[in-house]
Amino acid sequence: MAMEIVVPAVGESISEVQIGEWYIPEGKWVATDTDIVGLETDKATFDVPAPAGGKITRILKKAGERAAVGDVIGYFEEVSPPEGQDSGSSSKSSGGKSSGGQKEEAAKRPLESSGNASPSGESKVMPAASRELAQRGMDSGQVTSTGPGGRMLKEDVIRTAEQGSQAGSVTSEPMRSEDVIPLSPIRRRIAERLVSAQHEAALLTTFNEIDMSGVMELRNQYKDAFLKKYDIKLGFMSFFVKAVVDALNQVPQVGAQLKDNKLVYRNYYDIGIAVGGGKGLVVPVLRNVERMSFAEIELAIADFARRAKDNKVTLEELEGGTFTITNGGIYGSLLSTPIVNPPQSGVLGMHGIFDRPIALNGEVVIRPMMYVALTYDHRVVDGREAVTFLKRIKDVIEAPTRMLMEI
């Protein structure tokens, strides 16, 4: 009996998704709870598992197309596994392996001689390969398939296109082409929020520079003991998270939010940490940071970064937040102007640490320096408060023991 594959409800604010990758082609048997398709929203990516052991009989929505919550995107039929196949096995485990992992596993298995190629001997074009063909304006007949059972993989299309480009460059002018790729829901959402912030808030940025010598010395002194005890490296981000909480305590206006012509002050600190994800920048939130230790902060950030690469950060972890920290320094940025994440009123931008000459006690010395930037909503925060906030972060980072003494 055919069952509908339906877009499930994934959050109160989510009404539409974009079809990501169909992990399983039509007609391929899979075990119960095997992930069969990935769906993308403007905040995160999630997988839809097989409702039972069986096969996809028809795909209605292809990769890249959009669908509303509740829409039928395909049909599934419950059937017994093929003879000789374990009912608990599948080509994609329920643990949610990435597409790269699937390809590596497929490459290690011998080519299957039945059930994967069409009776006419033509190759089975995988969804990713089909998208690549369309984007490059190529026909499947131009490509030699190397996947299991004669499947055509995305890598096959790219290899053929590159070979054609190289061959053509010897005898003719170089190929001129364009790749038109639809924006993912996350990238569209990022664009909407950034433009909204620029239009609706009165944004202003103030800058300062921090001598990182004190933090670096303290970190070097305790990094081995910290790693041994907590099994995680002591980074700079935990110092800045603690410093932000300290500064918000002294200048609470920076953490306030404007709502219905009223200012909302909170007696807790939920700090968003911007991390690069597989689909773009995401900002998961550390809840109640004022109660967290350095180790808890470092472990939470490392976990967010790891899961963001696999698009496994949940919607709940991306919602809320009273203040945001972004670190362009990990990419080598010297100085930048971060944009506030509405409805928040402030965002701190960290940057790279570079040795620079500075004047200290009447002498020119070389110190590891970092530029920091605070972008704030001038409707909520005055310049005096913004400068005081950033100066407090500078003072605390340059003398990190002040956080322990609360002075």
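The values are calculated or read from the model by the stated rules, or taken from the named source; none is laboratory data. In this text, all values refer to a predicted model and were calculated from it rather than measured experimentally. Note: ideal-geometry Cβ built from the backbone for every residue, glycine included; neighbour counts use all protein chains shown.
Among the residues of segment 350-407, those identified as among the β-branched types (Val, Ile, Thr) and touching a helix residue (DSSP H, G or I) at 6+ places or on another chain (Cβ under 6 Å) are Val381, Ile393, Val396, Ile397. Is at least one residue of segment 208-216 out of contact with any helix residue (DSSP H, G or I) (no Cβ under 8 Å at 6 or more places or on another chain), in a strand (DSSP E or B) and farther than 24 Å from Glu290 by Cα? Scanning segment 208-216 turns up no residue that is out of contact with any helix residue (DSSP H, G or I) (no Cβ under 8 Å at 6 or more places or on another chain), in a strand (DSSP E or B) and farther than 24 Å from Glu290 by Cα.
Within segment 182-220, the residues that satisfy the criterion of being more than 26 Å from Tyr376 (Cα to Cα), surrounded by 14 or more Cβ atoms within 10 Å (Cβ to Cβ) and at pLDDT below 85 are Ser184, Pro185.
One line per residue, one yes/no per condition, for (1) surrounded by 15 or more Cβ atoms within 10 Å (Cβ to Cβ); (2) more than 24 Å from Pro185 (Cα to Cα):
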{"site": "Ser15", "(1), (2)": "no, no"}
{"site": "Glu21", "(1), (2)": "yes, no"}
{"site": "Val30", "(1), (2)": "yes, yes"}
{"site": "Lys62", "(1), (2)": "no, no"}
{"site": "Ala67", "(1), (2)": "yes, no"}
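Filtering segment 308-351 to residues that are surrounded by fewer than 17 Cβ atoms within 10 Å (Cβ to Cβ), over 25 Å from Tyr268 (Cα atoms), in contact (Cβ under 8 Å) with a residue 24 or more places away in the chain and not charged (D, E, K, R) leaves Leu334, Leu335, Thr337. Here Val245 clears all of (1) in a helix (DSSP H, G or I); (2) surrounded by 13 or more Cβ atoms within 10 Å (Cβ to Cβ); (3) modelled with pLDDT under 95 except the condition numbered (3). Taking Phe323 as the residue in question, decide whether it is farther than 14 Å from Val347 by Cβ and not basic (Lys, Arg). For Phe323, the condition - farther than 14 Å from Val347 by Cβ and not basic (Lys, Arg) - is not met. Within segment 376-385, is there a residue that is in contact (Cβ under 8 Å) with a residue 60 or more places away in the chain, in a helix (DSSP H, G or I) and within 25 Å of Lys259 (Cα to Cα)? There is at least one residue in segment 376-385 that is in contact (Cβ under 8 Å) with a residue 60 or more places away in the chain, in a helix (DSSP H, G or I) and within 25 Å of Lys259 (Cα to Cα).
For the structure I just gave you, tell me whether Met405 is modelled with pLDDT of 95 or more, out of contact with any Phe, Trp or Tyr (no Cβ under 7 Å at 6 or more places or on another chain) and among the aliphatic types (A, V, I, L, M). Against the criterion (modelled with pLDDT of 95 or more, out of contact with any Phe, Trp or Tyr (no Cβ under 7 Å at 6 or more places or on another chain) and among the aliphatic types (A, V, I, L, M)), Met405 does not qualify.
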